[in-house]
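A.B. asks: Have a look at this one.
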Amino acid sequence: MLKSLNKPVDMTTGTPWKGIIQFTLPMLIGNIAQQLYATVDSIVVGKYIGDNALASVGSSAPILNMILALFIGISGGAGIMVSQYFGAKNRESLSYSVGNSIVATLICSLFLMIFATPFIHPVLKLLNTPGSIIGECTNYLTISVVGIAGLAFYNILSGIIRAMGDSISTLIYLLVATVINIVLDIYFVAVINMGVGGVALATVIAQFISAILCFLKLKKMTGYFDMKIEYFRPMKKYIMTIIRLGLPSGLTQAIMSSAMIVVQSLTNCFGELFIAANVVIMRVDGFAMMPNFSFGMSLTTYSGQNVGAGYYDRVTKGAKQGTFIAVMCSTIITGIILLFGKHLMGVFTETQELVDMSYRLMMILAAGYIAVAVSQSLSGIMRGAGDTMTPMWISLITTVFLRVPIAYGISFLTRSEALPYGIKECIQISLLASWVIGALLTVIFYAKGNWKKRRLS
């Protein structure tokens, strides 16, 4: 039975919403498991080291996300290419897509390991990172970047496997890695007192294990493509397609991370307690976003396979059904946050002031998850069809031209002698505004239908 579950699924047949849910559920569990990496890190750090260490992990996140933008791009381009060639039953192009994606990931991993590490500490100083946490931030980021290949290869290889319709295998591998990460977190921090660096090392080891498992899975999928050495030779057609399809996704992530870094500079001005509160919010936010991201990824695969097969009516039908289900899930999650928010915050820290601040700020964001459900679902449809530029421009507009100015504008307008940097809520208000406007723009551009003209030849 397990063997039948973890084989590629053809999403060009059957009832759309059933196929979408069947594909999304294991991916959702996997995304939740992946979020546990960051959550367990924060819980262990907050409970065993303290609030300042928790703040150091949070200050590291925007920079790490910026570094990962390159792999987001490769993964996005590879996933779209694989899903469309899989749907079109084009074995040779599928084989070259897999091989060239792996080679591109290896080259980019080595590049970042060598050239990004020396700039970590200078960038943290540039962002006004408090002196009390900058040392731990540097340590955490250095270990994460040196071990970046594990995370990179897991994301690329699992994306390829999912693009062929198998979301079960990647779930199993991720659950194994999550258990290893939790055990190592506790051992490195609570037992041998490695501090924040131990948390980063535990995550790196777990990610390498999940990447190895994904690679071994791919070697067993030769019924659908080949992994001969000739397919690992860089080919201009496939490398350029990865760049064309993946660059907008990578730029989107880079743009969002850049905006986060700029906003993080403002966040740092409010002190260690507020930074720690934002870490707690991000961890709860990560779980709240999981259904949205999962449906977005699922609809990308669904759209890619059906566009590859030329079934545009199925794409439209699946978009409506998938978006509706995603919105319902987000509505339920929003209700849970509103009812049990304080209890969720209390998992990360015993400092009541930190719990109260985190809960108050989280309430501002709660309603925005429904808007994100819409934007993620419809963006997934457009990306799967090959239109990665439209979601990129929407992210650029909402993140750079809306979120950053709104955050700094509210901060400036609310400054006083008692509040030299304005109200702290400016960070969350700006994020909520960008989510809502982003959803409206996504609906408009999806309805225009230009994404239907982006099918690969």
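The values are calculated or read from the model by the stated rules, or taken from the named source; none is laboratory data. Keep in mind that what you see is a predicted model, and the values were worked out from it rather than measured. So basically every Cβ, Gly included, is an ideal-geometry build from the backbone, and we count neighbours across all protein chains shown. Ligands, DNA and RNA are excluded from the accessible area calculation, which covers all protein heavy atoms including side chains. Shrake-Rupley method; radii C 1.70, N 1.55, O 1.52, S 1.80 Å.
A.B. asks: How would you rank 108-119, 184-195, 292-303, highest first, on the average number of other Cβ atoms within 10 Å across their residues?
C.D. replies: By packing density, highest mean first, the sequence is 292-303, 184-195, 108-119.
A.B. asks: Something else: For Met328 and Lys125, what does the FRET efficiency come to when R0 = 41 Å and r is the distance between their Cβ atoms, rounded to the nearest 0.05?
C.D. replies: Computed FRET efficiency for Met328 and Lys125: 0.35.
A.B. asks: To continue, here is another question. Leaving out ligands, DNA and RNA, what percent of the accessible area of the chain is carbon and sulfur, probe 1.4 Å?
C.D. replies: Looking at the chain in its full context, I get 70 percent from C and S.
A.B. asks: Which lysines does Lys320 reach when only Cα atoms under 29 Å apart count, and residues fewer than 8 places away in its own chain are ignored?
C.D. replies: Result set, ordered by chain and number: Lys7, Lys18, Lys89, Lys448, Lys452, Lys453.
A.B. asks: Further, regarding this structure: State the Cα centre-to-centre distance between region 206-230 and region 56-134 in whole Å.
C.D. replies: That distance is 19 Å.
A.B. asks: Taking the 0 to 90 degree range and rounding to the nearest ten, how far is the long axis of helix 51-87 tilted relative to the main principal axis of the chain, both from C-alpha atoms?
C.D. replies: Tilt of helix 51-87: around 10 degrees.
A.B. asks: Something else: Mind giving me the nanometre distance, one decimal, between the label points for Asn450 and Glu350, set 7 Å out from Cα along Cα→Cβ?
C.D. replies: So the two model labels end up 5.6 nm from each other.
A.B. asks: Starting from the 7 Å offset along Cα-to-Cβ, what nm value, one decimal, do you get for the label separation of Lys342 and Val176?
C.D. replies: Spacing of the two 7 Å Cα→Cβ label points: 4.4 nm.
A.B. asks: With a 1.4 Å probe and all protein chains kept in place, how much accessible area does Ile243 have, in Å² rounded to the nearest 10?
C.D. replies: We get 80 Å² for Ile243.
A.B. asks: Amide H to amide H, which residues 5 or more places from Ile423 or on other chains are under 5 Å from it, using H placed in the peptide plane?
C.D. replies: HN-HN under 5 Å from Ile423: Thr414.
A.B. asks: Further, regarding this structure: Show that you can apply the helix-only estimate: for the chain, add -39,500 (n - 2.57) for every DSSP H stretch of four or more residues, divide by all residues, and state [θ] at 222 nm to the nearest 500.
C.D. replies: -27500 deg cm²/dmol
A.B. asks: In nm, to one decimal, how far is the Arg244 label point from the Val183 one, both placed 7 Å along Cα→Cβ?
C.D. replies: That separation, rounded to one decimal, is 4.7 nm.
A.B. asks: For the chain, find the longest principal axis of its Cα atoms and tell me its angle to the long axis of helix 368-384, 0 to 90°, nearest 10.
C.D. replies: Approximately 30 degrees, to the nearest ten.
A.B. asks: Please quote Rg/Rh for the chain to two decimal places, taking the Kirkwood radius as Rh and restricting both calculations to Cα atoms.
C.D. replies: My calculation puts Rg/Rh at 0.96.
A.B. asks: Between 0 and 90 degrees, rounded to the nearest ten: what's the tilt of helix 352-365 against the longest Cα principal axis of the chain?
C.D. replies: With both axes taken from Cα atoms, the answer is about 40 degrees.
A.B. asks: Now for a different question. For a quick protection proxy, order the peptides 205-213, 436-444 by their average other-Cβ count within 10 Å, most packed first.
C.D. replies: Highest-to-lowest ranking by the protection proxy: 205-213, 436-444.
A.B. asks: Follow-up. Considering the Cα positions of region 269-418, please state its Rg to one decimal place and its Dmax as a whole number of Å.
C.D. replies: 18.6, 63
A.B. asks: If you don't mind, another one. State the volume of the convex hull built on the alpha-carbon positions of region 229-351, expressed per residue in Å³ and rounded to an integer.
C.D. replies: Taking only Cα atoms, region 229-351 has a hull volume of 172 Å³ per residue.
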